[in-house]
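The values are calculated or read from the model by the stated rules, or taken from the named source; none is laboratory data. Worth saying up front: this structure is predicted, and the values here are computed from it rather than measured. Cβ sites come from the backbone with ideal geometry, for glycine too, and all protein chains shown count toward neighbours.
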Amino acid sequence: MKYVLDASVALKVVLPEADSARAIRLLDEYANAVHTLLAPDLFPAEVANGLVAAERQGRIKPGESAVLLHDLLLNAPIFFPSNPLLVRAMEIALATRRAVYDCVYLALAEREGCELVTADDQFARGLRASYPFIVSLVALP
């Protein structure tokens with residue numbers, strides 16, 4: 001199966017949260033060539049931002065964010081340039097009142113004809129009617 005991987009799912013791999021086991025399994029299956037994972041090239045920056053936030057909040061130890069980012073990028077999804085996706089992402093963002101950077105993931109999934117896996121349930125629920133290829137992490141088998 002081919003999926004676009006949202007940064008929210010990747011963060012669950014290294015930050016103990018609800019559904020972390022599902023996120024870990026998805027990346028393990030990717031490492032074992034069960035799935036193909038794709039992401040826009042803004043993925044590392046979004047993951048880094050989430051890790052910095054976790055470090056600031058004391059959820060991880062000082063200095064641990066850089067180590068966790070390195071670990072995640074060892075098994076990173078296949079990156080696609082964001083620039084060609086921006087116009088479509090902006091159209092989606094304007095129509096749905098969502099952030100452009102979130103819609104870049106959606107535009108990539110749309111272009112690649114695959115599902116977008118996200119741990120952002122609000123995003124998934126809010127857009128699934130118009131974009132049925134959005135899958136919440138909790139819905140994965």
inquiry  = Out of everything in region 89-128 that is part of a helix (DSSP H, G or I) and hydroxyl-bearing (Ser, Thr, Tyr), what residue ends up being nearest to VAL13 (Cα to Cα)?
reply    = TYR105
task = Could you please let me know if ALA107 is among the small types (Gly, Ala, Ser), in contact with a helix residue (DSSP H, G or I) (Cβ under 9 Å, 6 or more places away or on another chain) and at pLDDT 95 or above?
result = yes
query = When the residues of region 129-141 are filtered to those that are in a helix (DSSP H, G or I) and at pLDDT below 95, which remaining residue is nearest to ILE24 (Cα to Cα)?
reply = VAL138
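Just for region 104-125: of the residues that are of a type in the set (Gly, Ala, Ser) and touching a Leu at 6+ places or on another chain (Cβ under 6 Å), which one is nearest to ASP6 (Cα to Cα)?
ALA119
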